[in-house]
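Here the structure is laid out as structure tokens; the discussion comes afterwards.
Values quoted throughout were computed directly from the atomic coordinates according to the rules given, and no laboratory measurement underlies them. Note that the structure is a prediction, hence the values are computed from the model and not measured. Neighbour counts are summed over all protein chains in view; Cβ atoms, including those assigned to glycine, are modelled from backbone coordinates with ideal geometry.
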């Protein structure tokens, strides 16, 4: 599907199929039964296509919660695998931050992903608000902080890879 959720189309097709079936039950016109069957098949087809096809945006919306869980478990190799292999400096920064903060909880409270397929290779930007619990105050004092994170990605060899990221402390109520 060219869109991420076929639910409105599925509901519309099923509603029209029920309407055609009700009309058939009153009028007994065979063509109404055929229309009801075709609409029901269309609804099932839309649902199957939506279930089978994963858009780039859906892939990225699934990627960031997995990376948050990896950060909680301090699985550096999982986080590093999501980075572009050419970015050695960013890889070192990720390892340093994980070692210093030692996060115990990483929760993405707001996530917005924009994909630009017009560029070659395709690029994406993810804006998110992340709540991090760990040694965010200093190396020995646990605490919680809200961080606004912007991540730039590009598609390389069929995978979405992080090419840059920046974060800053976030204050609720302030514009994103």
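Here the scattering of the range 17-88 is modelled by Debye summation over its C-alpha atoms, one equal scatterer each and no solvent; at q = 0.14, 0.23, 0.26, 0.28 Å⁻¹ the log10 of I(q)/I(0) is -0.63, -0.96, -1.05, -1.12. Each part gets one Cα centre, and for the range 38-65 versus the range 157-171 those centres are 25 Å apart. Exposure proxy ranking for 160, 152, 51, based on other Cβ atoms within 10 angstrom of each Cβ and starting from the fewest, stands as 51, 152, 160. The range 8-28 and the range 91-135 have Cα centres lying 46 Å from one another.
Could you work out [θ]222 nm for the chain from helices alone, using -39500 (n - 2.57) per DSSP H run of at least four and dividing by all its residues? Round to the nearest 500 deg cm²/dmol.
It lands at -15500 deg cm²/dmol.
Among 11, 129, the order by Cβ neighbours within 10 angstrom, fewest to most, reads 11, 129.
Each of 26, 91, 117 was scored by other Cβ atoms within 10 Å of its Cβ. Arranged with the fewest first, they read 26, 117, 91.
Just round it to a whole percent: the fraction of Cα-Cα distances in the range 7-52 exceeding 11 Å.
Numbers: 610 of 1035 pairs.
So the portion of pairs separated by more than 11 Å is 59 percent.
Short-range pairs are left out: with C-alpha atoms under 8 Å and at least six residues apart, the relative contact order of the chain is 15 percent. For the pair residue 48 and residue 141, the difference between a 0.36 nm per residue extended length and the Cα-Cα distance amounts to 28.5 nm. Each label point was placed 7 Å from the Cα along the Cα-to-Cβ direction; for residue 120 and residue 102 their separation is 5.0 nm. Only Cα sites of the range 101-176 enter the Debye sum here, all with the same form factor; the resulting log10 I(q)/I(0) across q = 0.15 1/Å is -0.61, listed in q order. Multiplying each eigenvalue of the alpha-carbon gyration tensor of the chain by 5 and taking the square root yields semi-axes of 46, 19, 13 Å, largest first, rounded to whole angstroms.
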